[in-house]
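Below: the structure, in structure tokens.
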Amino acid sequence: MVKYPLALLPVVSISGGRARIAPRDYGQSSQSGSPAQAIASWVNQGAAWIHVVDQDAIDGHPSSHHHIVSGGAHLQYSGVVRDQSSLAEALMTGASRIVIDASDLEWASIAVKEHGDRVAVGLDIRQADVFDIAGHLEHAGCSRFVVTDHAEAHHWKHGDRHLLADFCSRTNRPVMARGGIGHLGDLHALHELVPNGLDGIVLDDALYDGAFTYSEAVAAGADRFDMFFWGPPQ
């Protein structure tokens with residue numbers, strides 16, 4: 001049986017130049033360290049891809065670009081990347097993929113055309129014109145979308161999950177879902193969208209709060225999905 005590719009990306013969020021360390025086994029994460037230490041803590045648990053959030057840049061503080069090192073994993077960088085200058089800085093981190101903002105649609109179209117697989121476009125599933133934006137960027141050459149639901153409740157659950165399913169059905173580009181996983185049951189529910197184009201899930205608070213371990217998340221889909229499709233970091 002051929003397995004569908006699926007990447008599970010733990011989040012490393014950098015604030016004040018520090019980040020939480022992955023918890024050991026069950027229980028909440030109580031330690032912080034350098035971004036390199038935080039990244040290594042997930043690599044040690046088997047993560048081949050890690051989603052790095054530059055919260056310093058998002059909050060308007062000096063960015064943490066110089067703190068970001070691969071440490072044995074592919075990195076997907078997310079910050080405030082919405083123009084050529086911020087994209088150039090993000091690319092210098094050596095991250096395998098940069099998630100860019102599509103608020104300036106003309107610039108985003110140029111960026112996806114110039115950088116191909118090195119960039120993905122981050123979208124809010126509840127944005128009124130999200131399908132039009134996605135179609136425009138797909139035509140421009142966008143290789144991947146990272147889709148988030150910013151609803152305060154019921155993120156990706158029950159009636160809300162149809163929004164992501166609808167998005168996957170309208171694009172032929174790979175789609176990654178960011179956040180919204182509180183329990184393994186939520187993960188199983190998103191698994192049903194993998195045959196429709198979902199090939200990545202970003203995991204955040206549940207891993208740090210002890211809801212489940214990274215190895216359990218991998219095991220939840222190991223019989224159906226290839227978690228190591230992309231191979232080792234380059």
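Each value in this text was obtained by applying a stated rule to the coordinates, not by laboratory testing. Being a predicted model, the structure only gives us computed values, none of them experimental.
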Original post:
In whole Å, what is the distance between the alpha-carbon centres of region 84-116 and region 38-63?
Top reply: 18 Å
Original post:
Taking θ as phi - 60°, what are the ³J(HN,Hα) couplings along region 51-58 by the Karplus curve (6.51, -1.76, 1.60), each to the nearest whole Hz, with x for Gly and Pro?
Top reply: 8, 9, 9, 8, 5, 4, 5, 5
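Counting pairs of alpha carbon atoms under 8 Å apart in space and at least six apart in sequence, what relative contact order in percent does the chain give? Before the final figure, lay out the partial values.
Values: 465 pairs, mean separation 54.8, N = 234.
The value is 23 percent.
For the chain, what is Rg from Cα atoms divided by 2.2 N^0.38 Å, rounded to two decimals?
0.95
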Original post:
Top mean-square fluctuation among 130, 121, 147, Gaussian network model of the chain, C-alpha springs under 10 Å?
Top reply: 130
Original post:
Rounded to the nearest 500 deg cm²/dmol, what is the calculated helix-only ellipticity per residue at 222 nm for the chain, with -39500 (n - 2.57) per DSSP H run of length n ≥ 4?
Top reply: -8000 deg cm²/dmol
Original post:
Who wins for biggest fluctuation among 169, 109, 143 in a Gaussian network model of the chain, springs between alpha carbons below 10 Å?
Top reply: 169
